[in-house]
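Structure first, then comments.
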Amino acid sequence: ERDSAGSSVSVMARRSQLPSPCMGAGVNLWNILSSNIGKDLSKVAMPVQLNEPINTLQRLCEEMEYCHLLDTAAHTHDPYMRMVYVAAFAVSAYACTYTRAGGKPFNPVLGETYECERPDKGFRFISEQVSHHPPVSACHCESKNFTLWQDVRWKNKFWGKSMEIVPMGTTHIVLPRFADHYELSRVTSCIHNILSGQRWIEQYGDVTIRNTSATEDPVLCKITFLKSRSQGSSSNEVQATVTDSEGHVIHLLFGKWHEAFYLGDPSSAICLWRANPLPLNYEKYYGFTQFTIELNDLDESIRPFLPPTDTRFRPDQRLLEEGDVTGAEEQKKRIEALQRESKRIQQENNTTHTPRFFKWIEKDSWTSNGTYWELRKDPGFSKLEFPVLW
Ligand code: PIF
């Protein structure tokens, strides 16, 4: 299955279920939120019952589920149609959030990393927590058809009945075949009924996609995620236009971000993307999709090749996945204390943390420093020093 450098050479069997269903007894969020009114919630340690057994580094990888749309874009000569497929990819990235209002991802510790190599999908992905306060996760994904990188941080706004998560940062997608460089923004996520009732998630706002490459005419795409019209339900509608440099509409697109996305008039539309069916009993298993279930799997064949900072070794997340909530909470507290201690030592020594696999580049973004896969191959992570994160 793997060559001597630990790269997957064949498609491996992947788990189709998490080891345990969600055991969360339901935390009283009101107690937590009311005692922290006005505070930046990213600075409040939350009980582990609020978490799902996935972290924000892996959440970024979830957005690659429908990367075949980027492969299609990379094989499309018409620049407006390339933009159409990039837009479909942008919408598809939100599909997995539909069933996920129940919990929040783990917040990785500073220096935590994650890798995901998917020969079946043609990509390899890495991510790293590059800042603790504010929490920032950076990722880099490459395939022969595209390169994607982004870093994500959130601002929380607690409104009483709902909470808004406003993301910052830009997603970059490069299609080397056409020298296209797309820059994408993100929409706001809102968790409704945060304190009582059935929680549900809504996405609203605009995603703007610009091809910033100088070789093509400036094609622009604007995708609007519509706010629900009636309270308590959302139809998750999206509408989009692809326009040329003079602002003429070249393509109309529409659909639902949790379901499907179409090109053209509703009467004669072409389906560009459809969400994969959800696994059996998904409600009991954190609302995870099949692709998400696979992300935290620690396959024996990969274990010797991972750095010790890889999320799959993080004990609290693993214990939660296995259904041991008490053990997970103990470990979460221990890991957080360890992180505070490392920070204290750094402050004493007047040093600052430098991310291992990402570098800060101008225009406000983190990008891979290109060393991860090289070091993994030679000398191999088992021969390198890493900080103890847990
Ligand atoms: C801890 O993170 P939590 C805190 O950052 C704490 O300040 C720190 O201690 P220190 C600990 O080391 C951390 O472990 C708090 C916060 C983290 C995110 C970003 O995991 C993702 O305990 C948010 O959590 C996306 O969480 C949500 O931020 C998508 O993880 C749904 O702000 C929040 C979450 C808001 C609650 C959402 C509820 C949804 C049901 O002493 O070092 O400062």
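Count of region 68-81 residues, restricted to those that are farther than 19 Å from Val238 by Cβ and open to solvent by less than 20 Å² (accessible area, probe 1.4 Å), is 1. Just one of (1) polar (S, T, N, Q); (2) within 16 Å of the ligand (Cβ to nearest atom); (3) in a loop (DSSP other than H, G, I, E, B) fails for Ser42. It is (3).
Could you grab me the full set of residues in region 61-94 that are within 16 Å of the ligand (Cβ to nearest atom) and of a type in the set (Asp, Glu)?
Let us first name the residues in region 61-94 that are within 16 Å of the ligand (Cβ to nearest atom), namely 61-63, 93-94.
Result: Glu62, Glu63.
Every residue, every condition in (1) more than 25 Å from Met46 (Cβ to Cβ); (2) basic (Lys, Arg), yes or no:
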{"site": "Arg314", "(1), (2)": "no, yes"}
{"site": "Leu319", "(1), (2)": "no, no"}
{"site": "Glu329", "(1), (2)": "no, no"}
{"site": "Ile335", "(1), (2)": "no, no"}
{"site": "Lys343", "(1), (2)": "no, yes"}
{"site": "Ser368", "(1), (2)": "yes, no"}
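Inside region 272-320, residues that are buried (at least 21 other Cβ atoms within 10 Å of the Cβ), in a loop (DSSP other than H, G, I, E, B) and among the β-branched types (Val, Ile, Thr) make up a count of 2.
Go through region 130-155 and give me each residue that's part of a loop (DSSP other than H, G, I, E, B) and either on the phi > 0 side of the Ramachandran plot or open to solvent by 30 Å² or more (accessible area, probe 1.4 Å) (or both). Write out each step before concluding.
Just the residues of region 130-155 that are part of a loop (DSSP other than H, G, I, E, B), to begin with: 132-135, 143-146.
Scanning region 130-155 gives His132, His133, Pro134, Lys144.
Out of the residues in region 130-156 that are touching a residue at least 24 places away in the same chain (Cβ under 8 Å) and away from the ligand (no atom under 16 Å from the Cβ), state the one that is farthest from the chain's Cα centre (by Cα).
We begin by selecting, within region 130-156, every residue touching a residue at least 24 places away in the same chain (Cβ under 8 Å); these are 130, 132-141, 143, 145-152, 154, 156.
Those left that are additionally away from the ligand (no atom under 16 Å from the Cβ): 140-141, 143, 145-149.
Values: His140: 11, Cys141: 12, Ser143: 17, Asn145: 20, Phe146: 17, Thr147: 15, Leu148: 12, Trp149: 11 Å.
The selected residue is Asn145.
Output yes when any residue across region 232-239 is in contact (Cβ under 8 Å) with a residue 60 or more places away in the chain, assigned to a strand (DSSP E or B), over 14 Å from Phe89 (Cα atoms) and not charged (D, E, K, R), and no when none is. Even if it seems obvious, please write down each step before you answer.
Residues of region 232-239 that are in contact (Cβ under 8 Å) with a residue 60 or more places away in the chain, as a first pass: 236, 238.
With assigned to a strand (DSSP E or B) added as a condition, the list becomes 238.
Remaining after also requiring over 14 Å from Phe89 (Cα atoms): none.
Looking through region 232-239, none of the residues is in contact (Cβ under 8 Å) with a residue 60 or more places away in the chain, assigned to a strand (DSSP E or B), over 14 Å from Phe89 (Cα atoms) and not charged (D, E, K, R).
Within region 95-129, the set of residues being more than 8 Å from the ligand (Cβ to nearest atom), open to solvent by less than 20 Å² (accessible area, probe 1.4 Å), of a type outside the set (A, V, I, L, M) and assigned to a strand (DSSP E or B) comprises Thr113, Tyr114, Glu115, Cys116, Arg118, Phe123, Phe125, Ser127, Glu128, Gln129. Return the residue satisfying two criteria in turn: it lies in region 201-223 and is of a type in the set (S, T, N, Q) and in a strand (DSSP E or B), and of such residues it is farthest from Asp78 (Cα to Cα). It comes out as Gln203.
Gln198 fulfils the conditions (1) modelled with pLDDT of 95 or more; (2) assigned to a loop (DSSP other than H, G, I, E, B) except for a single criterion, (1). Checked against (1) in contact with a helix residue (DSSP H, G or I) (Cβ under 9 Å, 6 or more places away or on another chain); (2) more than 15 Å from Glu63 (Cα to Cα); (3) open to solvent by less than 20 Å² (accessible area, probe 1.4 Å), Phe158 passes all but a single condition, namely (3).
Would you mind stating whether Met64 is closer than 26 Å to Asp206 by Cβ, open to solvent by 20 Å² or more (accessible area, probe 1.4 Å) and among the aliphatic types (A, V, I, L, M)?
Values: closer than 26 Å to Asp206 by Cβ: yes; open to solvent by 20 Å² or more (accessible area, probe 1.4 Å): no; among the aliphatic types (A, V, I, L, M): yes.
For Met64, the condition - closer than 26 Å to Asp206 by Cβ, open to solvent by 20 Å² or more (accessible area, probe 1.4 Å) and among the aliphatic types (A, V, I, L, M) - is not met.
Tell me, please, whether a residue that is assigned to a strand (DSSP E or B), closer than 18 Å to Arg100 by Cβ and either open to solvent by 30 Å² or more (accessible area, probe 1.4 Å) or charged (D, E, K, R) (or both) can be found in region 168-191. No, every residue in region 168-191 fails to be assigned to a strand (DSSP E or B), closer than 18 Å to Arg100 by Cβ and either open to solvent by 30 Å² or more (accessible area, probe 1.4 Å) or charged (D, E, K, R) (or both).
Just one of Arg274, Arg312, Arg303 is under 30 Å from Phe386 (Cβ atoms), without any contact (Cβ under 8 Å) to a residue 60 or more places away in the chain and of a type outside the set (A, V, I, L, M); which is it? So that I can check it myself, show each step before the final result.
Values: Arg274 fails: under 30 Å from Phe386 (Cβ atoms); Arg312 fails: without any contact (Cβ under 8 Å) to a residue 60 or more places away in the chain.
After applying the criteria, what remains is Arg303.
The values are calculated or read from the model by the stated rules, or taken from the named source; none is laboratory data. Please read these numbers as outputs of a predicted model, since none were measured by experiment. Please note: Cβ atoms are built from the backbone with ideal geometry, for glycine as well, and neighbour counts cover all protein chains shown. Side chains are part of the model used for accessible areas, which takes the heavy atoms of the whole protein and leaves out ligands, DNA and RNA. Shrake-Rupley method; radii C 1.70, N 1.55, O 1.52, S 1.80 Å.
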